[in-house]
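Here is the structure we will look at.
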Amino acid sequence: MAEESWGRVADDGTVYVRTKDGERAVGQWPDANPEEALAFYTRRYDALAFEVDLLEKRVQAGTVSPDDARAAVKKVTSSITDAQAVGDLDGLLSRLEALTPLVAQQREKKKAERAAKVEEAREAKTKIATEAETIAAGTDWRHGVTRLRELLDEWKALPRLDKSSDDELWHRFSSARTTYTRHRKQHFAELSSKRDEAATVKERLAAEAEAIASSTDWGPTSGRFRDLMRQWKAAGPAPREVDDKLWARFRSAQDTFFGARDAVQAEENVEQQANLQAKEALLLEIEAILPVTDAKTARDQLRGLLDRWDEIGKVPRDSMRPIDTRLRAVEQAVKSAEDDVWARSNPEARARAEATVKQLQSLITDLEKQAAKHDSQGNARKAKEAREAIAARREWLTQAQNALSDFS
């Protein structure tokens, strides 16, 4: 009888394998020598060991699902338990048993990952439903419909939740889309009605503009044209083709009137040019008030110069803004000087500044007493804290005294 470490061959050719439970016959090879018989059954063991190696690598690498891994471990375990092979079968079984907790751990990990994905999907769908409800509550008729389509595509790309949660969120999303679509259709229906009303209004305005286009009552008629323009803008848009035709009529009437008015005003321009020269010369006197050193004197000087300004008369329209801007700059400077005088003499602000100074002085006095008291008691820490507080409040006192000095 020949023997090896994991098995033996009996005299009658029976091949045995050794396990922790004792010997077990795995086959019979009566015509071969013991070495050949053991080699045959050892190769069977090598095949099983290779299968275990491969399964270990797949499980450890996570390339097989936990369910498939558990089934594979069970299958290979079964094949090893009654295997007709010679080798360390107990060792293979131990290796397979060692995979069980790893598979369980991977199962829990997969479960957690699935739960996380479901939660992410829940948050994403909640966000989609909330955004859809926000859009439905708004009036962005141009971009809202496009965004709702995008949200629907995003929804379809997400995994389903449990039926109750998914149905609830879908109901919110779907209801928001329905509400938005209904309001959008209603808006455009109202808009169409308003455009028809605008066309009626603008037809009347164009007719009135044509009726007063030949007027030579320049002031009132100019005012009336401004009123008509405000009404035109307030009427809102009419259908595009109708709006363009009515505007052409309205604008033509405007051009006729203002063209005639401008021709008459051109004749008046000579006098207005002379007025412009006079006002420009007077502006030099007015600007000489600057810089303002005495607000009252400056106001008195400006008042007399403004009387002369008003007596000069009109200037050309295109020159009004530049000279008015220069005049307003001087007026503003004088007013700012007056305001500054008032601010420095404001009794309420001065009283607040004085109260702040007194309060800080009193607080510093109290802190100095505290510091002295702590020194006498030998409490260096509290004495230091009191002196630091005194230093800070002295800085505040300096700032408050500077502010108070502005009122002097």
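Descriptive notes on the structure:
- If the condition is being open to solvent by 50 Å² or more (accessible area, probe 1.4 Å) and out of contact with any helix residue (DSSP H, G or I) (no Cβ under 8 Å at 6 or more places or on another chain), then segment 171-180 contributes H171, T178.
- Out of A238, A176, A209, one residue alone is in a helix (DSSP H, G or I), among the aliphatic types (A, V, I, L, M) and over 30 Å from R122 (Cβ atoms). It is A209.
- If the condition is being among the basic types (K, R) and not in a helix (DSSP H, G or I), then segment 160-173 contributes only R160.
- Members of segment 20-63 that are within 16 Å of L92 (Cβ to Cβ) and among the aromatic types (F, W, Y): Y41, Y45, F50
- Within this structure, K384 fails the test of being closer than 30 Å to P347 by Cα, under 50 Å from the mean Cα position of the chain (by Cα) and of a type in the set (K, R).
- Of all the numbered requirements in (1) modelled with pLDDT of 90 or more; (2) over 53 Å from the mean Cα position of the chain (by Cα); (3) of a type in the set (A, V, I, L, M, F, W, C), V264 misses one, and that requirement is (1).
The values are calculated or read from the model by the stated rules, or taken from the named source; none is laboratory data. Because the structure is a prediction, the values reported are computed rather than measured. Cβ coordinates were reconstructed from backbone atoms using ideal geometry, including for glycine residues, and neighbour counts include every protein chain displayed. Side chains are part of the model used for accessible areas, which takes the heavy atoms of the whole protein and leaves out ligands, DNA and RNA. Shrake-Rupley method; radii C 1.70, N 1.55, O 1.52, S 1.80 Å.
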